[in-house]
Amino acid sequence: MVLSALDDMAASHSESASRAEGLRVRLQQGNVVLGLLVALEVINELEVLNKALQKKTQTMEGMLSAVSLVQDSMKSKRNTEHFEAVFKEAEDRCASLSLEPIVLPRTQRPPKRYSGQAPAYTPQSAVEFYRVEFYRVLDTVDTQISERFMQPGIQTLKEIENTLLTPTANDAAIRRYPELKEDDLRVQLAMFKRKYKVSTTADAVHALKEMPPEVRGLFDQFKNPICAPAL
């Protein structure tokens, strides 16, 4: 359907005719089909993770567990069998749609100052070349996820959240915030936990919002930093 629409646009005399023709030619290449399928291998899982992390019921502990699960899922795809299945699907789609086959792209020999006297590595087939590229994509995504979610600040937020949601307070985490009055916070946490049973920070924020102002004033240390973003 897309190719037919592009054919019609390319045959017209509109300003977009040449662009439509260029896009049509590009989409008929098997390499593009493979690239789209490879992208979906990553994007689909990241989209699921993105939706999970936006839930109001999410906790830092749960968020990091979800991130770890997605990373493990990505790593499980880093093998010959999985990539060959993706490659085979791309070949089948190209055949069914009468598209160009997947071919080995042209590669340039690196300068000798980088490769030395040893012969440069040359993939012998398209599947061999794109398998390496697929692994690079997975490795890059894994690195970016780790850099974003394994920061010291994230771990500190996890500890602070646990201080609110678990029976015991994490004194080491509390001391990272000099603006907190440690003794007051400890007393307030004990009072809050005896009265309210919460499983997420969102539950705690909701409980605080429902309190009369006079009662909420008993928990002034919560505003900084445990529930501050949502209050």
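The values are calculated or read from the model by the stated rules, or taken from the named source; none is laboratory data. Only a predicted model underlies this, so the values are computations on that prediction, with no experimental measurement involved. All Cβ positions, even for glycine, are placed from backbone atoms using ideal geometry, and neighbour counts span all protein chains on display.
Restricted to segment 118-176, the set of helices (runs of 4 or more DSSP H) holding at least 2 residues that are exposed (fewer than 15 other Cβ atoms within 10 Å of the Cβ) and modelled with pLDDT of 95 or more comprises 126-149. Close contacts from segment 137-154, counting a first residue that is over 13 Å from ILE43 (Cβ atoms) and a second that is surrounded by 13 or more Cβ atoms within 10 Å (Cβ to Cβ) and modelled with pLDDT under 90, with Cβ to Cβ under 8 Å and a gap of 6+ residues or different chains, come to PHE149/MET63; ILE154/MET60. If you take the residues in segment 192-201 that are assigned to a helix (DSSP H, G or I) and touching a helix residue (DSSP H, G or I) at 6+ places or on another chain (Cβ under 7 Å), which one is farthest from GLN54 (Cα to Cα)? Checking each candidate, the answer is PHE192. Figure legend. Inter-residue proximity from segment 75-96: first residues acidic (Asp, Glu), second residues in a loop (DSSP other than H, G, I, E, B) and modelled with pLDDT under 95, beta-carbon distance below 9 Å, spacing 6+ or different chains. Indicated pairs: GLU91/PRO101; GLU91/ILE102. The helices (runs of 4 or more DSSP H) found entirely in segment 1-107 that carry 2 or more residues being at pLDDT 85 or above, under 29 Å from the mean Cα position of the chain (by Cα) and more than 30 Å from THR156 (Cβ to Cβ) are 30-53, 80-96. When segment 59-69 is filtered for residues that are out of contact with any Lys or Arg (no Cβ under 9 Å at 6 or more places or on another chain) and under 11 Å from SER146 (Cα atoms), only SER68 remains.
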